[in-house]
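Heads up: the structure comes next, in structure tokens.
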Amino acid sequence: MPLDLPPYMQERIVCSIAAAAKYEIPANIILAVAEKENGRAGQWVRNSSNGSHDVGPLQFNTNYLRELAQYGIAPIHVAAAGCYPFDLAAWRLRKHIKNDKGDLWTRAANYHSRTPQFNQVYRADLMVRAAKWADWLSKRYKTHDLALPANAQATVTSSALPAPTSTPASTPASTPAWSSPKYVPRRLIVGTNAAPAEDMR
């Protein structure tokens, strides 16, 4: 990890990679979403269109958080510093990628919006950012490409909702079958031989 990065960027990178490994999603995608959302701990941004707020490092919308209240997840949890907001974002991205329709990038862009006009703008930018983060990861870590069969449908494996007071749980899943027309996303290989490369600049 480059030590000249500001603390929030160091947290973003470390927490995104850990969450991606935990929830078995491409690390470059969660890094791209985190960069795109560009939130900070404690930040609340009001949406003038509907009066809701986007909260914390991953800018969770308060309308979405209402659905999670039944699990004890409150805005304070996703506004906090630390890795929990990234865990929750990875859990949510995993659900979109595995359960939604469309190609990988449309599914990942559902994190922002399922409305086609907003999804497509977010999707296009997300692909560019994800490609950049894939290159960044490949220079620093051992990574592998996910298999992309012709069939875009993924086998769904349920994942437990992360609890705000404990380590989020996840049911292990086999390598997902995701579809992308041009780019194969990468994720970290987690194991004893997955140490970062020496050149971290």
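The values are calculated or read from the model by the stated rules, or taken from the named source; none is laboratory data. All of these numbers come straight from a predicted model, not from anything done at the bench. With ligands, DNA and RNA removed, areas are computed over all heavy atoms of the protein, side chains included. Shrake-Rupley method; radii C 1.70, N 1.55, O 1.52, S 1.80 Å.
Ranked by solvent-accessible area (1.4 Å probe, protein heavy atoms only, all chains present), the residues TRP136, TRP105 order from largest to smallest as TRP136, TRP105. The share of accessible area on the range 7-137 that comes from carbon and sulfur is 55 percent, using a 1.4 angstrom probe. Rounded, prolate or oblate: which one fits the range 1-109, using the alpha carbon gyration tensor with axes a ≥ b ≥ c (rounded when a/c is under 1.5, else prolate when a/b beats b/c, else oblate)? It is oblate, given that a/c is not under 1.5 and a/b is not larger than b/c. Within the assembled protein chains, the solvent-accessible surface assigned to PHE86 is about 10 Å², based on a 1.4 Å probe.
Close amide-amide hydrogen proximity is noted between HIS53 and ASN47, THR62, ASN63, each under 5 Å apart and 5 or more residues distant or on a separate chain (H modeled in the peptide plane; Pro and chain starts excluded). Quick one: accessible surface of GLU11, probe radius 1.4 Å, all protein chains present, in square angstrom to the nearest 10. Probe radius 1.4 Å; accessible area of GLU11 about 60 Å². In terms of accessible area, using a 1.4 Å probe and ignoring ligands and nucleic acids, ARG12, ARG129, ARG46, ARG40 rank largest first as ARG46, ARG40, ARG129, ARG12.
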